[in-house]
Amino acid sequence: MLERYLGRHRTATLAGLVFGVLAVLVPLAPWSDSAGRTPCPGHAGLVVAGGTDVSASSERQALIRKWNAQHQDDPDLQARLVEISGLADLQRAQLAAASEAHGCDYDVLELDAPWTAEFAERKAIVPFPLPHGWDPDFLRELRPSVTWHGRVYALPFNADVGLLYYWNDARRQPPAGLPDLLGQAAGAVGGRGFEAGYSLQLADYEGGTVNALELIWGFGGDVVHGDRVVIDAYATPIRSALAALHADLPPQGRGVDRTAADATEASSIQAFEDHGVAFMRNWPYAFRVLAADPQMRAGTRLRFGVSPLPGPSVLGGQNLAISAYSRKQDQARRLIEFLTDRDAQAELFACGGFAPTRESAYQAPRPCPRSSPSEQQIGQADLAQLASQIRQAIARARPRPVTPAYQVFSEVFRRCFRAAAFQSADVDYTAFARLLRAAYSGRPVRSDPRRPCG
């Protein structure tokens with residue numbers, strides 16, 4: 001089952017990714033404006049632009065089909081989901097290109113949580129109409145990710161938070177912290193047949209930024225506090241985090257999977273399912289991918305467990321916003337409200353494995369009513385346990401830095417972290433902080449490629 005999943009979501013090589021960006025770019029028709037641009041010819045129905053649906057059952061597409069069935073007599077409300085890319089970086093690149101061209105090809109934009117500020121600042125999305133005010137059923141932790149300068153620009157589609165997955169025969173006790181987790185992971189190698197202890201994703205993509213932040217936080221360090229870059233004040237704990245990573249990577253050790261520098265969520269799931277690693281950091285959707293596989297069960301009992309990370313996780317997720325260049329903004333609003341309502345959030349969780357954005361979805365979740373015959377049914381007890389672990393993790397999670405220049409900030413941060421982690425580059429934390437402050441504020445970043453840390 002996982003092989004079919006990976007076949008749809010496998011990460012391409014860098015050259016392939018670059019080609020893919022060019023290949024998926026659709027002709028962008030500019031919206032008419034005072035400068036006399038050609039009027040947008042428009043399109044039939046509604047178009048939602050987002051990333052790849054990572055759920056094993058393509059649950060987002062199922063919700064779109066449900067919406068279409070409810071509005072089958074109105075062609076203007078027939079919707080389709082355009083899956084741009086499975087990598088957040090490439091998804092953002094196309095959405096940004098479409099917005100810069102004032103393209104009206106998309107009506108609803110699915111934005112990774114840190115992008116909302118950027119797209120709002122660029123006026124690429126419009127404030128979301130809330131005639132009855134903010135719905136208190138939405139998780140309070142998610143509101144900052146849809147708000148910019150005090151105005152709500154989107155509704156949260158799904159939450160995301162890092163979870164710890166572990167084989168039941170590998171974990172001695174809940175880790176007291178990230179150093180304890182790495183110790184347990186190293187101890188699980190060899191005697192229990194695991195090739196490595198812990199799989200995390202530090203490849204050169206947005207997931208690498210997320211995992212690097214969590215590693216630094218897990219050792220008591222920090223990068224941005226409030227709206228201030230503070231990485232230079234935390235040089236000592238960050239050095240400790242890097243030293244622990246070096247000690248656990250081959251050839252020094254096997255506590256961390258040797259593929260960490262290239263690992264993505266999908267490759268980590270594969271390594272975990274193959275019994276290659278004892279512990280794995282991943283998002284909530286991985287639970288359904290694993291639990292739906294009969295090989296991951298002993299009778300009716302799951303052979304693995306899940307818990308919050310033993311330290312702060314990044315609070316992620318995707319938001320749905322109305323494109324400023326859509327000619328159907330009222331219809332787009334109605335579609336977004338449908339995709340984020342209580343019933344939709346319950347289905348996204350039970351059938352797709354997405355972390356819900358509403359409190360009601362965490363209370364007595366019901367199993368998916370339409371599981372595939374080839375999948376193992378996930379029972380209510382397992383679903384309730386997962387809901388509890390996700391909610392606990394979200395309560396202590398932290399957002400990524402909020403800035404319209406987040407994409408550049410992430411790239412600058414990740415470039416230096418990877419150089420320090422995998423190339424033993426020396427880090428001048430004062431110089432590195434200067435680079436990050438420039439990136440955070442949107443100023444030009446000038447750095448020598450041979451010295452990625454400043």
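Loop-resident chymotrypsin sites (Phe, Trp or Tyr not before Pro) (DSSP state other than H, G, I, E or B) in the range 105-203 with no more than 12 further Cβ atoms inside 10 Å of their Cβ are absent.
When the helices of the chain are scored as -39500 (n - 2.57) per DSSP H run of n ≥ 4 and the total is divided over every residue, the value at 222 nm lands at -11500 deg cm²/dmol. Among beta bridges identified by DSSP and lying wholly in the chain, the antiparallel ones come to about 70 percent. Residues whose amide H falls under 5 Å from that of Tyr198, counting only those 5 or more places apart or on a different chain, are Val256, Asp257, Ala278, Phe279, with hydrogens built in the peptide plane. By the gyration tensor of its Cα atoms, with a ≥ b ≥ c the square roots of the eigenvalues, what is the shape of the chain: rounded for a/c under 1.5, prolate for a/b over b/c, or oblate? Cα axes put the chain in the oblate bin.
For Asn282, the residues whose modelled amide H falls within less than 5 Å of its own, excluding neighbours fewer than 5 places apart on the same chain, are Leu163, Tyr165. For the range 98-174, averaging the sequence separation of C-alpha pairs within contact (under 8 Å, six or more residues apart) and dividing by the residue count gives a relative contact order of 29 percent.
Across the range 178-195, rounded Karplus estimates of 3J(HN,Hα) from the backbone phi angles (6.51 cos²θ - 1.76 cosθ + 1.60, θ = phi - 60°) give 5, x, 5, 4, 5, x, 5, 5, 5, x, 7, 6, x, x, 9, x, 8, 6 Hz, Gly and Pro being marked x. Coupling constants for the range 99-109 follow from the phi torsions by the Karplus curve (6.51 cos²θ - 1.76 cosθ + 1.60, θ = phi - 60°), and in residue order they are 5, 5, 8, 6, x, 9, 5, 10, 9, 10, 10 Hz; glycine and proline get x.
Near the amide H of Leu155, within less than 5 Å, lie the amide hydrogens of Leu320, all on another chain or at least 5 residues away, with H placed in the peptide plane. With a ≥ b ≥ c the root eigenvalues of the C-alpha gyration tensor of the range 307-434, is it rounded (a/c under 1.5), prolate (a/b larger than b/c) or oblate? Judged from the Cα gyration tensor, the range 307-434 comes out oblate (a/c at least 1.5, b/c at or above a/b).
Laboratory data are not the source of any read-out in this text; all were calculated from the coordinates shown. What you see is a predicted model; the values in this text were computed from it and never measured. All Cβ positions, even for glycine, are placed from backbone atoms using ideal geometry, and neighbour counts span all protein chains on display.
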